[in-house]
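Below is one structure; the comments refer to it alone.
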Amino acid sequence: MDLSAAPYEERLTAPRTWWLVALLAGISFALILLPFGVLAMLGGLAGGTALVAVVTSAYGSARIRVVGDSLVAGDARIPLSALGDPQVLDAEEARAWRTHKADPRAYMVLRGYIPTALRVPVTDPEDPTPYVYLSTRTPQALADALASARTA
């Protein structure tokens, strides 16, 4: 297994507007601490912005990769031999699989701010997980990477 050649890699980063929210949260902390003086206000601005930025960055740190003979999605490493044919989901179908079609046993790397997704059935009879749901900005590229890694 060659771990250095990754035919697909995506980091599910938070949208740019969330970074603006981090700055606004820092300003809120600054305003709360304003009665205690300018230094406290500046500390609140820096500390509050940094705290919310760390949370935003951690939430946006989920990665999806196809490496060697495995799909690495979030904390899961799934051998390609245990996966079926992927299904590319447009925004409407992805929303359906996130809501009323969702199975609670499914493994989901779900980011609500990413409208498209890929659904991959788990074919391993020993695994109770029916499918893997992956929020991705490029579902067709991920499906192609899974297909090419499976044939390699």
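The values are calculated or read from the model by the stated rules, or taken from the named source; none is laboratory data. Just so you know, these numbers come straight off a predicted model, no measurement behind them. All Cβ positions, even for glycine, are placed from backbone atoms using ideal geometry, and neighbour counts span all protein chains on display. Side chains included, ligands, DNA and RNA excluded: accessible areas come from the protein's heavy atoms. Shrake-Rupley method; radii C 1.70, N 1.55, O 1.52, S 1.80 Å.
Please determine whether any residue of region 42-49 is open to solvent by 50 Å² or more (accessible area, probe 1.4 Å) and within 31 Å of the chain's Cα centre (by Cα).
Scanning region 42-49 turns up at least one residue that is open to solvent by 50 Å² or more (accessible area, probe 1.4 Å) and within 31 Å of the chain's Cα centre (by Cα).
Kindly indicate which of Ala73, Ala30, Ala25 is open to solvent by less than 30 Å² (accessible area, probe 1.4 Å), of a type in the set (Gly, Ala, Ser) and under 29 Å from Ala106 (Cα atoms).
Ala73
Given the conditions (1) more than 20 Å from Thr151 (Cβ to Cβ); (2) touching a Leu at 6+ places or on another chain (Cβ under 7 Å); (3) of a type outside the set (Asp, Glu); (4) modelled with pLDDT of 95 or more, report the number of the one that Ser28 does not fulfil.
(2)
Can you pull out the residues in region 79-101 that are in a loop (DSSP other than H, G, I, E, B), under 21 Å from Glu10 (Cβ atoms) and not small (Gly, Ala, Ser)?
Asp85, Pro86, Asp90
For the subset of region 127-140 comprising residues that are over 13 Å from Ile78 (Cβ atoms) and out of contact with any Asp or Glu (no Cβ under 8 Å at 6 or more places or on another chain), which member is surrounded by the fewest Cβ atoms within 10 Å (Cβ to Cβ)?
Residue satisfying both the conditions and the ranking: Pro128.
Tally time: how many residues in region 91-114 are touching a helix residue (DSSP H, G or I) at 6+ places or on another chain (Cβ under 9 Å), open to solvent by 40 Å² or more (accessible area, probe 1.4 Å) and closer than 21 Å to Arg65 by Cβ?
3
Residues to consider are Arg16, Arg11; find the one that is closer than 30 Å to Leu142 by Cα, surrounded by fewer than 15 Cβ atoms within 10 Å (Cβ to Cβ) and modelled with pLDDT of 90 or more.
Details: Arg16 fails: modelled with pLDDT of 90 or more.
When all the criteria are applied, what remains is Arg11.
What pairs come up if the first residue lies in region 135-152 and is closer than 13 Å to Ala91 by Cα, the second is polar (S, T, N, Q), and their beta carbons are under 7 Å apart, counting only those six or more places apart or on different chains?
Thr136/Thr116; Arg137/Thr116; Pro139/Thr116
Sort out for me the strands (runs of 3 or more DSSP E) sitting completely within region 102-152 that have 3 or more residues that are of a type outside the set (Lys, Arg) and out of contact with any Gly (no Cβ under 8 Å at 6 or more places or on another chain).
The qualifying strands (runs of 3 or more DSSP E) are 131-135.
Provide a single number: the residues in region 51-61 that are assigned to a loop (DSSP other than H, G, I, E, B) and surrounded by fewer than 16 Cβ atoms within 10 Å (Cβ to Cβ).
Qualifying residue count for the region: 1.
Which is over 30 Å from Thr56 (Cα atoms), surrounded by 19 or more Cβ atoms within 10 Å (Cβ to Cβ) and modelled with pLDDT under 95, of Ala82, Ala145, Ala149?
On the way: Ala82 fails: surrounded by 19 or more Cβ atoms within 10 Å (Cβ to Cβ); Ala145 fails: over 30 Å from Thr56 (Cα atoms).
Residue meeting the stated conditions: Ala149.
Among the numbered conditions (1) more than 22 Å from Tyr133 (Cα to Cα); (2) in a strand (DSSP E or B), tell me where Ile64 comes up short.
Ile64 satisfies all of (1) more than 22 Å from Tyr133 (Cα to Cα); (2) in a strand (DSSP E or B) except (1).
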